[in-house]
1. Once Rh is set to the Kirkwood radius over Cα pairs, what Stokes-Einstein translational diffusion coefficient, in µm²/s, holds for the chain at a temperature of 20 °C and a viscosity of 1.002 mPa s?
2. Once both labels are modelled 7 Å past Cα along the beta-carbon direction, what's the Lys61-Thr14 spacing in nm?
3. Given an 8 Å cut-off on Cα distances and at least 6 residues of separation, report the relative contact order of the chain as a percent.
4. Suppose each label sits 7 Å from its Cα in the direction of the beta carbon; what would the Glu34-Asp147 distance come out to in nanometres?
5. Using a Cα-Cα cut-off of under 18 Å, which aspartates and glutamates could be cross-linked to Lys28, ignoring same-chain neighbours fewer than 8 residues away?
6. Can you tell me the length gained on complete extension of the stretch Val128 to Asn7, counting 0.36 nm per residue apart and subtracting the Cα distance?
7. Given the options Met101, Met48, Met68, which has the most mean-square fluctuation in a GNM of the chain, springs set between C-alpha atoms less than 10 angstrom apart?
8. Within the stretch 29-57, name every residue whose backbone N is under 17 Å away from a label modeled 7 Å from Cα of Ala169 along the Cβ vector.
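Just so it is clear, none of the values below were taken in a lab; they were calculated from the coordinates. As the structure is a computational prediction, the values presented were derived from the model and not from experiment. Neighbour counts are summed over all protein chains in view; Cβ atoms, including those assigned to glycine, are modelled from backbone coordinates with ideal geometry.
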Amino acid sequence: MSTANPNEVVITRTFDAPRQMVWDAWTKEENLREWFGPTGSKITYAKMELKPGGMFHYAMKFGEHPEMWGKWVFREVDPPKKLQLIQSFSDKDAGITRHPMAPTWPKQTLSTTTFEEVMAEGTGGAGVKTMLTLRWEPYEATQEEIDTFNAGRAGMDQGWAGTFTQLDAYLAAKQK
């Protein structure tokens, strides 16, 4: 994890899969149900309309804990290169809510994900991989929300690491 500015988290990960496959894993509700979320979580509801102004509304369950709802509102959809969205915690009706365990977490965050095709080294061009870069920052946030976001970097790093591990496993299974 590195930072481009003091309030932005930037995470880059290279996946051993073609860009279109990684894009589809990230942008189709049936695929997101299979891998999205930190280790130990499961998507229990998902509905997506992938277009600018469209939404991905989902519920996530962690063991015996109550479901947590979230939503993405798409700002930019440029297949298979870029996805920009506003992310927030939600309720069953797709309203914006506060983080259930961190009431000063930003109500909204801006997420920009890019998907870049890269050649695997030593393959003579035969091995295509995808470098995914995720940029995440508070959006229309108060100073208290920005401070909470910045204080949560270790948890974000751990959560995204688990999420990307699950995506790695999902992509490997799809290629068999």
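1. Numbers: Rh = 16.8 Å.
Calculated translational D: 128 µm²/s.
2. Result: 3.8 nm between the two label points.
3. Values: 371 pairs, mean separation 44.4, N = 176.
Value for the chain: 25 percent.
4. In this crude spin-label approximation the distance works out to 4.4 nm.
5. Once the sequence-local aspartates and glutamates are set aside, what remains near Lys28 is Glu49, Glu76, Asp78, Asp168.
6. 40.3 nm is the gain from fully extending Val128 to Asn7.
7. Met101
8. 31-44
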